[in-house]
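Trainee: Pasting in a structure now, in structure tokens, and then I'll have a few things to ask.
The values are calculated or read from the model by the stated rules, or taken from the named source; none is laboratory data. Predicted model, so just to flag it, every value in this text is computed and none were measured. Cβ coordinates were reconstructed from backbone atoms using ideal geometry, including for glycine residues, and neighbour counts include every protein chain displayed.
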Amino acid sequence: MTTAREIMTPDAECIGEQDTIAEAARKMAGLSVGALPVCGTDDRLKGMLTDRDIVVKVLAEGKDPQRTTAGELAQGEAVTIGADDDADEILRTMTSHKVRRLPVIDGHRLVGIVAQADVARALPDPHVGDLLEALSA
């Protein structure tokens with residue numbers, strides 16, 4: 001069975017929880033990504049920050065992106081997948097939490113990200129169709 005480690009995009013770059021939203025936006029633009037894991041000074045995953053979070057939770061609310069930190073938006077525990085979890089678990093987790101990207105952890109260390117596109121490339125069409133339908137509902 002295919003595992004998260006086999007289909008993930010490795011070497012995901014974090015934004016620090018003390019870094020500003022402006023820094024996060026520049027990093028997203030430079031990497032051509034729409035989301036970044038938020039990592040703490042303890043090297044643990046604190047959450048995910050998306051371009052949508054920046055628009056809805058910062059800009060639309062009139063917050064200053066030069067003063068608002070990534071950590072302020074990384075609320076609660078991040079939904080993750082273990083590096084050795086199989087494709088069925090990836091699909092279940094993405095579907096039940098309605099997320100398009102899953103940080104992949106090995107122990108407590110971030111080792112990559114499984115995105116909806118990674119799933120689409122790696123799994124048979126029926127599984128991908130089910131995932132797309134669940135995330136679009």
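Trainee: Can you name the residue in the range 107-137 that is under 14 Å from residue 9 (Cα atoms) and not aliphatic (A, V, I, L, M) and is also modelled with the highest pLDDT among such residues?
Mentor: Selected residue: 112.
Trainee: I'd like the full set of residues that are assigned to a helix (DSSP H, G or I), over 14 Å from the mean Cα position of the chain (by Cα) and modelled with pLDDT of 95 or more, limited to the range 7-31.
Mentor: The answer is 21, 22, 23, 25, 26, 27, 29, 30.
Trainee: What is the residue count in the range 54-82 for residues that are under 22 Å from residue 107 (Cα atoms), surrounded by fewer than 18 Cβ atoms within 10 Å (Cβ to Cβ) and in contact with a Ser or Thr (Cβ under 7 Å, 6 or more places away or on another chain)?
Mentor: 1
Trainee: Could you please find all residues in the range 41-64 being outside any strand (DSSP E or B), closer than 15 Å to residue 74 by Cα and modelled with pLDDT of 90 or more?
Mentor: Correct list: 51, 52, 53, 54, 55, 56, 57, 58.
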